[in-house]
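Engineer: Before we start, here is the structure in question, set down as structure tokens.
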Amino acid sequence: MKINPKEIALVEEKRKWFLPGHRLCAGCAAPIIVRQVFMALDKKPIVVTATGCLEVATTIYPYTSWRVPWIHNAFENNSATASGIEAAIKALRRKGEIHEESPIIVFGGDGATYDIGFQALSGAIERGHNFLYILYDNEAYMNTGIQRSGGTPGYAWTTTTPVGKKLKGKTQWKKPIARIVAAHRQIKYVATASPAYWTDLIKKVRKGVQANGPAFIHTFSTCPRGWRTAETKISIKIARLAVQTCYFPLWEYENGQYRLTSSSEAIAKVSKRKIPIEEFLKPQARFRHLFHPEKDQKIIKCIQNEVDKEWSILLKLTGHQLL
């Protein structure tokens, strides 16, 4: 097989779009996701990043890790800014002042997506703006002190959902944000993705960029600091367990149809490949109260039932027979 020198040069160029030396924690999945997203692109993107771990830790003045056109916005308005950029590009192209096309990529954490920024995101989708929104979901407001968000799972410890005799962590379940986004009639493409399944993630990013309209990818972003994992090196292992337990199944929504992808498709075909949720919970000390001083079978079963319920909903949406 002949190696195309232009392709090699493009790969080397992509590696420089997001530079090392940032202050993100060891084991954080966010920079891994950014690099995987960039590897899927053929052209240098325009990046909008909401306030959060990714923004703060990559742009500590006077330094930056971004070697692409980049703008920071507050929690609530990253999608509004992306909408303005897209509208401005259209106007400049009509005037003949610019000719090149650059994909617009928005990165937002769970706080900026599930909660504070959802209004702007929903409005941008409804208006049909052409950009790809990447949610890196570390399941809490990690940058401001590990407070709970709409993306925090049930029974997880955070600084605002403490564990004690009365409470066992967060009392609400995680919002199905990707399905909520898919309910918008104007959305062109929606998917879930995990850095543990990088080829699946890259394929979905390419589809999102080529959708010619609003697209949304919900990525699973492990957080050793907030999840209290024992070792930073197991971040990708936990991301893989999230998929294998069906806590975070991989799917896509395109042309009005849901479809399972990657290992989630295999799990749907072979039920014994679905790992119990307990294996996902164990390595994370945010769920330590479910195992110490003794295992809380009742709550673990409750979590398993919720995971099974969500999995059953997804199987119905994708046309699979319930297992």
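Values in this text are rule-based calculations from the coordinates and carry no lab data. What you are looking at is a predicted structure, and each value in this text was computed from that prediction instead of being measured. All Cβ positions, even for glycine, are placed from backbone atoms using ideal geometry, and neighbour counts span all protein chains on display.
Engineer: Longer than 21 Å from Cα to Cα, which of Lys168/Lys298; Lys6/Lys204; Lys204/Lys309 are they? Say none if no pair is. Working shown, then result.
Structural biologist: Working: Lys168/Lys298 12 Å; Lys6/Lys204 23 Å; Lys204/Lys309 25 Å.
Too far apart for the 21 Å limit: Lys6/Lys204; Lys204/Lys309.
Engineer: How far is it, in nm, from the label point at Glu13 to the one at Ser312 when both lie 7 Å from their Cα along the line to the Cβ?
Structural biologist: 5.1 nm
Engineer: Here's another thing I want to ask about it. At a Förster radius of 22 Å, what calculated FRET efficiency corresponds to the Cβ-Cβ distance of Glu126 and Trp173, to the nearest 0.05? Each step should come with its number before you reach the end.
Structural biologist: Working: r = 26 Å, r/R0 = 1.17.
It comes to 0.30.
Engineer: Using a Gaussian network for the chain with springs between C-alpha atoms less than 10 Å apart, which of these wobbles most: Thr81, Thr192, Thr64?
Structural biologist: Judging by the Gaussian network model, the answer is Thr64.
Engineer: Do any trypsin sites (Lys or Arg not before Pro) in the range 87-141 lie in a loop, going by DSSP, with at most 16 other beta-carbon atoms within 10 Å of their beta carbon, and if so which?
Structural biologist: Lys95
Engineer: Viscosity 0.692 mPa s, temperature 37 °C: Stokes-Einstein D of the range 69-163 from its Kirkwood Cα radius, in µm² per second?
Structural biologist: On the way: Rh = 14.7 Å.
Approximately 223 µm²/s, per Stokes-Einstein.
Engineer: Just to confirm a number: summing +1 for Lys and Arg and -1 for Asp and Glu over residues other than Arg35 whose beta-carbon lies under 10 angstrom from that of Arg35, what do you get?
Structural biologist: So the surrounding residues net to +2.
Engineer: Normalized C-alpha radius of gyration of the chain, against 2.2 N^0.38 Å? Numbers along the way, then the final one.
Structural biologist: Working: Rg = 19.7 Å, N = 323, 2.2 N^0.38 = 19.8 Å.
That works out to 1.00 for the chain.
Engineer: Between the helical axis of 235-244 and the dominant principal axis of the chain, each derived from Cα atoms, what acute angle in degrees is found, rounded to the nearest 10?
Structural biologist: Between the helix axis and the principal axis of the chain, the angle is about 70 degrees.
Engineer: Let me ask something else about it. Which percent, to the nearest 5, of DSSP beta bridges fully inside the chain are antiparallel? Display every interim value, and only then the final one.
Structural biologist: On the way: 12 of 36 bridges.
Among the beta bridges of the chain, antiparallel pairing accounts for roughly 35 percent.
Engineer: Please give the net charge around Arg228, taking every other residue with its beta carbon less than 9 angstrom from that of Arg228, where Lys and Arg add +1 and Asp and Glu add -1.
Structural biologist: Values: positive: Arg225, Arg286, Arg288; negative: none.
Here the count lands on +3.
Engineer: Run the numbers for Cys302 and Lys6: contour at 0.36 nm per residue of separation, minus the present Cα-Cα distance, in nm. If you can, show how the numbers build up before the last one.
Structural biologist: On the way: separation 296, 0.36 × 296 = 106.56 nm, distance 5.33 nm.
Stretched out fully, the Cys302 to Lys6 stretch lengthens by 101.2 nm.
Engineer: To continue, here is another question. By counting other Cβ atoms within 10 Å of each Cβ, how are Val68, Val243, Val11 ranked from fewest to most? Working shown, then result.
Structural biologist: Details: Val68 16, Val243 24, Val11 10.
Placing the least packed residue first, the sequence is Val11, Val68, Val243.
Engineer: Do the alpha carbons of any pairs in Lys44/Lys233; Lys166/Lys274; Lys175/Lys301; Lys269/Lys301; Lys95/Lys207; Lys44/Lys90 sit beyond 27 Å of each other, and which pairs? Write out the running numbers ahead of the final one.
Structural biologist: Numbers: Lys44/Lys233 30 Å; Lys166/Lys274 32 Å; Lys175/Lys301 20 Å; Lys269/Lys301 24 Å; Lys95/Lys207 29 Å; Lys44/Lys90 17 Å.
Listed pairs above 27 Å: Lys44/Lys233; Lys166/Lys274; Lys95/Lys207.
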